[in-house]
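The values are calculated or read from the model by the stated rules, or taken from the named source; none is laboratory data. What you see is a predicted model; the values in this text were computed from it and never measured. Counting neighbours? That spans all protein chains shown, and the Cβs are built from the backbone with ideal geometry, glycine included. Heavy atoms of the whole protein, side chains included, go into the accessibility calculation; ligands, DNA and RNA do not. Shrake-Rupley method; radii C 1.70, N 1.55, O 1.52, S 1.80 Å.
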Amino acid sequence: MTTPSVPARTHLFLFDIDGTLITSGGAGERALHIAVEELYGSTSELASIEIAGRTDRFITESLFRLLGLEPTPDRVTGFLDRYLHHLALQLPQREGRLMPGIVPLLNELRNNQTISLGLLTGNLERGAQLKLQHYGLWHYFEFGAYADDSANRNELGPVACLRARERHGVEFLPEQVYIIGDTEHDIACGRIIGARTVAVATGNATCEDLARHQPDYLYPDLGNLAQVLADLLPGR
């Protein structure tokens, strides 16, 4: 008896987390504030740092520079350890939620054997795991690129593609890669590698804001499953 062959992977979908898959109800920002106050006493510097779409390492290094501190590896690691500690405590206390349409879409993509699902996020890997386990989504993703890999979000696309290749033995072409996110930074990091960019206005940016950055696809949310699948996987 011959064993049925497994279809080759032909598409790679890379998802952002905050504002795209979930909102944590402010758990991440609150954990940041508590960690800053605990270690340095003042949180006013955080108000001048752009958080949405940035990596945890970028935010931390920016904070240290505002505090007049050198962002040494030991200092950054120590701060992020405290942040993760408080994130785990904050998540159960916050009224976060899944974004519209996320579970049906992930189910459809996971059940398609030609698709590989991964994360491309500014979260640390441990932070991503804490958030997605809390909201029941961690098991959907086989791998990811995280703030552990680089403070610069634009460097995460190649990392995610490399991990997809290592897992599946497939070199995904740029037009086979979809990067889904809710900020201009998600669009930019996708464009750098020639990927197809999918913008969703479920974070702080409106459709009009995101349209100015010319994503390949733009949705108010991912709730219209039939339309999203028809756009991204035509003929399937």
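I'd like to know if the range 67-80 contains one or more residues that are in contact (Cβ under 8 Å) with a residue 40 or more places away in the chain and under 20 Å from the mean Cα position of the chain (by Cα). For the range 67-80, residues in contact (Cβ under 8 Å) with a residue 40 or more places away in the chain and under 20 Å from the mean Cα position of the chain (by Cα): present. Hey, can you tell me all the residues within the range 121-150 that are buried (at least 18 other Cβ atoms within 10 Å of the Cβ), touching a Gly at 6+ places or on another chain (Cβ under 9 Å) and in a loop (DSSP other than H, G, I, E, B)? The answer is T121, G122, N123, Y135, F141, Y146, A147. Could you tell me whether D221 is outside any helix (DSSP H, G or I), open to solvent by 30 Å² or more (accessible area, probe 1.4 Å) and either on the phi < 0 side of the Ramachandran plot or without any contact (Cβ under 8 Å) to a residue 24 or more places away in the chain (or both)? Yes.
The single residue among Q93, Q129, Q133 that is closer than 30 Å to A226 by Cα and either out of contact with any helix residue (DSSP H, G or I) (no Cβ under 7 Å at 6 or more places or on another chain) or among the aromatic types (F, W, Y) (or both) turns out to be Q133.
Within this structure, G68 fails the test of being open to solvent by less than 20 Å² (accessible area, probe 1.4 Å), out of contact with any Leu (no Cβ under 9 Å at 6 or more places or on another chain) and either among the basic types (K, R) or not in a helix (DSSP H, G or I) (or both).
Could you count how many residues in the range 79-120 are in a loop (DSSP other than H, G, I, E, B) and open to solvent by less than 30 Å² (accessible area, probe 1.4 Å)? Of the residues in the range 79-120, 4 are in a loop (DSSP other than H, G, I, E, B) and open to solvent by less than 30 Å² (accessible area, probe 1.4 Å).
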